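J.: One structure follows; several queries about it will come next.
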C-alpha cells in the first residue's frame, strides 16, 4: 500500500501525467502488448502493472458487485461495470497513473507506463 | 419504548404467541442507559402508541441487482413495502438511506419509483454511491434533488423532530471513506444554529457516520466535525445503510443505527475476503433483509428503533 499511496500523491501533485524518469536506460525497446487487470474480491489484480507506451489495458469485473475504474487525475473513467463488463484504455505517455474504484474508493491500483526506451526502474 | 421495560418479565407466553400471530415477526430494539437491548419479538411493538411520530427507514434496495445473492431485488423491495400494512402504527413517512438502484440506470430508478410509490407515503431520500454512477451525476438529482442543497442535502421538521439528510457518497477520495465535504459541513453548522438542545435530531445518510470498518470503507472521513455540531443536543439518532446489516452504537447522546438492505446481505466486518454480496440459503434470504420502524415519543430521550426482517 505505501507505494500505491505515494503514487497517488505524486500523480495528484503533477496533474497525473507525471513522467517517472527512469534512472537507468536499457538499450532495447519491445513492442507494446495488451495487458489485463482482473477485478475480483474488491481488489485490482495486479494492483500495480507496468506496461510500455501504446499498451491497451483492459479491466474485467469478476465480482457480483459493480465497480468502476477511475483515474485519480480524471484522465479516464469507466462507466459502472456490472459483472463480466470490461473497460479498456490505451496508455501512450510514460508516467504513473493511479486509479480507484469510485464506488469503493479503498480499492486502488496503478498503471505504470515506462519510458519508451524501456526500463523497469519505475517498479 | 422504555415503558415496556418493567413489563418485560410479565409478558406471558400466551401473549407472546398471540402477538406473533398478528404482527408477523421482528426484533424490537430499545436503547436505554446507553445499552442497546433486544426486547424480543415484534409483538412488543404493539405498545407503540399512535400519539408518537412513527416513520420507516428502508435502505439499499439495489434495484437492478440480479446476481445469485438475490436474483430479484425488485421483488424483495416490494415485499418490504408490503410490510408497512402489517405495522401496528402506519408510519407518517419513509426515509430511504440510499442505493435505491444498483447501477444508476434510468430504468432502475423508474422501477424503484413504481414500487416505492405504492406505499402512498412521502419518501425522503439520500443517495448511495450506487445512485450517482452516471457520468454527470444527474439522474438522482433530477428525480430527488428538488429543494435540496449541493449534492442533495436538506433538512425538514416533523412533530418537533428535526430531520437532516446528508450526502456522503460524492467526491470520494482514493483509499478513503465516505465524505461530507466542507460545503455541506458548513451548511450543517448553520442549519443547527439557533435550535434548542432539547430538539430531537434525526440524521440520515448512506454510509455510516461512525467508523464501522474502515478497511472496507465503512465509515465517513469527516464525520467527526458533523458529530461535533450535534453533541450539544440531548437526543440525536443517526440512521445509515450501506453495510446491509444491523449495527448499533451509542456515544453520549448519539445513537447510531444501520439498517438491513431490502436486496442482499453483506458479510460481517472482516468475516469474508471482501464486502461483496453474500449468498445465503434461499430459505434464509428474507431473514436477513428488512425494514426499520422508528417511533419517537415526546418526553423520551431515545427513539424506539425496531428492525423487522421480511421473514423470521
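The values are calculated or read from the model by the stated rules, or taken from the named source; none is laboratory data. Only a predicted model underlies this, so the values are computations on that prediction, with no experimental measurement involved. All Cβ positions, glycine included, derive from the backbone under ideal geometry; neighbour counts span all protein chains shown.
J.: Looking for whichever is part of a loop (DSSP other than H, G, I, E, B) and farther than 21 Å from residue B:133 by Cβ here; the options are B:208, B:197. Which one fits?
T.: Values: B:208 fails: farther than 21 Å from residue B:133 by Cβ.
Every option except B:197 fails the conditions.
J.: If I filter the stretch A:62-82 down to residues being within 11 Å of chain B (Cβ to nearest Cβ) and surrounded by fewer than 17 Cβ atoms within 10 Å (Cβ to Cβ), which single residue comes out as nearest to the chain's Cα centre (by Cα)?
T.: Within the stretch A:62-82, the match that is nearest to the chain's Cα centre (by Cα) is A:77.
J.: Failed condition for residue B:91, given (1) within 17 Å of the chain's Cα centre (by Cα); (2) under 15 Å from residue B:290 (Cα atoms), with all others met?
T.: (2)
J.: Among the candidates B:111, B:122, single out the residue that is more than 13 Å from chain A (Cβ to nearest Cβ), at pLDDT 95 or above and either under 16 Å from the mean Cα position of the chain (by Cα) or within 24 Å of residue B:214 (Cα to Cα) (or both).
T.: So the residue among B:111, B:122 that is more than 13 Å from chain A (Cβ to nearest Cβ), at pLDDT 95 or above and either under 16 Å from the mean Cα position of the chain (by Cα) or within 24 Å of residue B:214 (Cα to Cα) (or both) is B:122.
J.: Answer yes or no as to whether residue B:169 is crowded, with 24+ Cβ neighbours inside 10 Å and either at pLDDT 95 or above or within 14 Å of another protein chain (Cβ to nearest Cβ) (or both). Working first, answer last.
T.: Values: crowded, with 24+ Cβ neighbours inside 10 Å: yes; either at pLDDT 95 or above or within 14 Å of another protein chain (Cβ to nearest Cβ) (or both): yes.
Yes, satisfied.
J.: Hey, any hits in the stretch B:34-52 for a residue that's modelled with pLDDT of 50 or more and either out of contact with any helix residue (DSSP H, G or I) (no Cβ under 7 Å at 6 or more places or on another chain) or assigned to a loop (DSSP other than H, G, I, E, B) (or both)? Before you say what the answer is, go through the steps one by one.
T.: Keep residues of the stretch B:34-52 that are modelled with pLDDT of 50 or more, which gives B:51-52.
Those left that are additionally either out of contact with any helix residue (DSSP H, G or I) (no Cβ under 7 Å at 6 or more places or on another chain) or assigned to a loop (DSSP other than H, G, I, E, B) (or both): B:51-52.
Checked against the condition, which is being modelled with pLDDT of 50 or more and either out of contact with any helix residue (DSSP H, G or I) (no Cβ under 7 Å at 6 or more places or on another chain) or assigned to a loop (DSSP other than H, G, I, E, B) (or both), the stretch B:34-52 yields at least one hit.
J.: Hey, among the residues in the stretch B:54-81 that are in a loop (DSSP other than H, G, I, E, B) and within 19 Å of the chain's Cα centre (by Cα), which one's nearest to the other protein chains (Cβ to nearest Cβ)? Before you say what the answer is, go through the steps one by one.
T.: First, the residues of the stretch B:54-81 that are in a loop (DSSP other than H, G, I, E, B): B:59-62, B:64-72.
Pick out the ones that are also within 19 Å of the chain's Cα centre (by Cα) and you get B:59-62.
Values: B:59: 16, B:60: 12, B:61: 15, B:62: 9 Å.
Top of the filtered list is B:62.
J.: Out of everything in the stretch B:261-288 that is assigned to a loop (DSSP other than H, G, I, E, B), away from every other protein chain (no Cβ under 14 Å) and out of contact with any helix residue (DSSP H, G or I) (no Cβ under 9 Å at 6 or more places or on another chain), what residue ends up being farthest from residue B:220 (Cα to Cα)? Quick ask: steps written out before the conclusion?
T.: The initial filter retains those residues of the stretch B:261-288 that are assigned to a loop (DSSP other than H, G, I, E, B), namely B:261-281, B:288.
Filter once more, so that each one left must be away from every other protein chain (no Cβ under 14 Å): B:262, B:268, B:281, B:288.
Applying the additional criterion that residues be out of contact with any helix residue (DSSP H, G or I) (no Cβ under 9 Å at 6 or more places or on another chain) yields B:268, B:281, B:288.
On the way: B:268: 18, B:281: 32, B:288: 24 Å.
Ranking the candidates gives B:281 first.
J.: Just one of B:250, B:238 is without any contact (Cβ under 8 Å) to a residue 60 or more places away in the chain, part of a strand (DSSP E or B) and more than 17 Å from residue B:54 (Cβ to Cβ); which is it?
T.: Details: B:250 fails: without any contact (Cβ under 8 Å) to a residue 60 or more places away in the chain.
One residue alone meets the criteria, B:238.
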